[in-house]
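Asks: Below you will find the structure I want to go over with you.
Since every read-out is calculated from the coordinates, none of them should be taken as a lab result. From a predicted model like this one, the values you see are computed outputs, not experimental measurements. Cβ sites come from the backbone with ideal geometry, for glycine too, and all protein chains shown count toward neighbours.
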Ligand SMILES: [Zn+2]
C-alpha cells in the first residue's frame, strides 16, 4: 500500500530525530500534504494508526496540513489557487499554466515530543 510505505518512512524519520532529541515519546506529528501529492488522507490516517503501534509514536496525534495546488498565471501575472486539481488553468482567465508553485508537497512539517524528566504540563 502506497500510503503505508509513506507513513513508515515518516515514522522512521521522526523516530530518528526524536531519539536524537532525547524523546521518551512523540505526541504530535504534522505532515504537509499537497493536493497533487497523490495520497488519500483517510488512508494515511488509517496506516498511521496501524504503523505507529509499538513505536514511540504510538497514540500520537496525527495532523495533516492539506495544501491546495497553486499555479502561476503568466497572463494575470499572479499566483492562483486551483479548485480542481485536474485542470491546470488559471481560474480567472483560464490560461493554461505549467508553473506549479505548490501542491506536490509530502513532507514532515513538525513534530512534538515528550522528554524524560520533563514534568512540566505545558
Ligand atoms: Zn490568469
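Asks: Based on the alpha-carbon gyration tensor of the chain and its eigenvalue square roots a ≥ b ≥ c, which shape applies: rounded if a/c is under 1.5, prolate if not and a/b is larger than b/c, or oblate?
Replies: prolate
Asks: How large is the helix-only mean residue ellipticity at 222 nm for the chain, computed as the sum of -39500 (n - 2.57) over DSSP H runs with n ≥ 4, divided by its residue count, in deg cm²/dmol to the nearest 500?
Replies: Result for the chain, helices only: -8000 deg cm²/dmol.
Asks: Classify the range 1-49 from the C-alpha gyration tensor, please: rounded if a/c falls under 1.5, else prolate or oblate depending on whether a/b exceeds b/c.
Replies: prolate
Asks: What's the center-to-center distance, using Cα atoms, between the range 48-122 and the range 16-36 in Å?
Replies: 15 Å
Asks: Right, here's the next one. What ranking, highest mean first, results for peptides 5-14, 108-117 when packing means the other Cβ atoms within 10 Å averaged over each residue?
Replies: Sorting 5-14, 108-117 by mean packing, highest first, produces 5-14, 108-117.
Asks: Right, another one. With everything on Cα atoms, drop me the angle between helix 41-51 and the longest principal axis of the chain, reported from 0 to 90° to the nearest 10.
Replies: For helix 41-51, the angle is close to 20 degrees.
Asks: Quick one: angle between helix 2-20 and the longest Cα principal axis of the chain, in degrees between 0 and 90, rounded to 10, please.
Replies: The answer is roughly 50 degrees.
Asks: When only Cα pairs under 8 Å and 6 or more residues apart are kept, what is the percent relative contact order across the chain? It would help to have the intermediate numbers written out before the result.
Replies: On the way: 214 pairs, mean separation 42.2, N = 122.
Computed value for the chain: 35 percent relative contact order.
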